[in-house]
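The numbers here are math on the coordinates, done by the rules we state, and not lab data. Please read all numbers here as calculations on a predicted model, not as lab measurements. Here the Cβ positions follow ideal geometry from the backbone for every residue, glycine too, while neighbour counts run over all protein chains shown.
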Amino acid sequence: MHAEGSEPEVVLSWLQGVLDKYYSETRPQGRSIGISAKGVWLDIVPGSPVYKDGPLWIPDRDAKEWVQSHPKGQISAASEKNKSTDGYYVQTVKLMKSWRDRLPTEKSKPKSYILETLVHQTIGLPTSHARAVVSLLEGINSSYGFYRGSGMVPTIADPGFASVNVAKRWSSADFDAFLDQVKSAATTARQALDATDEAESRKLWRKLFGSTFGA
């Protein structure tokens, strides 16, 4: 597709037309077409290989150009991180997505792959889920908190393809809203980890992850 010189908008419009024949709900997005399939929302991304087993050219509707992405590199990076953390990486990503989904505003909720990248950067070598959560929340706050209110969003490199900035589409207002939630959550998580009373610790974790957490 990229080699033929097709405009991203043309390819995405064509893809949506094809998917409309098979799915009752489709939605054009920046780099994909979203579809609703049996209650699950999926993003369908067209791509063309840059070279065998390497990155792909994918369409960017907003930028009106083709950009590179590396799904296999992302999968490999996640697998290696999960192995080096004795399985805590994948489990912590799931925990943090659960926390993200409970945030009070849509502005404060980052896209899933941004959140996965931040976990990848900051999880360290945890010895428990609790320490993993504290490490990444404090790590995000330490690494990026000073950007709050600056009107800027830092470059956050894709762990599977470092030349890609996963925060490219993150607005400064949404980034600030997320950082506000991270700062508050980091304080709560640290208190939960350090609490000597089990009931108090559970109460604090449930503040972050919901009333059924640890039940």
Exercise for review: Compute the relative contact order of region 38-154 as a whole-number percentage, counting only Cα pairs closer than 8 Å that sit 6 or more residues apart in sequence.
Suggested key: 14
Practice item. Any of 64/109; 107/207; 94/168; 81/109 with alpha carbons more than 29 Å apart? Name them for me. Key: none
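With a 10 Å radius around each residue's Cβ, average the other Cβ atoms per peptide and rank 134-145, 69-80, highest first.
Working: 134-145: 19.3, 69-80: 16.2.
Highest-to-lowest ranking by the protection proxy: 134-145, 69-80.
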Study note, to complete from the structure: Using alpha carbon positions and the Kirkwood radius, the Rg to Rh ratio of region 1-85 is 1.04
Study note, to complete from the structure: Once normalised by the length of region 78-215, the mean sequence separation of its alpha carbon contacts under 8 Å that are 6 or more apart gives a contact order in percent of 23
Revision key, fill the gap. Expressed as a percent, the portion of alpha-carbon pairs in region 118-215 spaced more than 20 Å apart is 45
Check your understanding: Looking only at 160, 39, 151, which one moves most when the chain is put into a Gaussian network model with springs between Cα atoms under 10 Å?
Key -> 39
Study note, to complete from the structure: Here the relative contact order (percent) of region 141-213, from C-alpha pairs under 8 Å and at least 6 apart, is 23
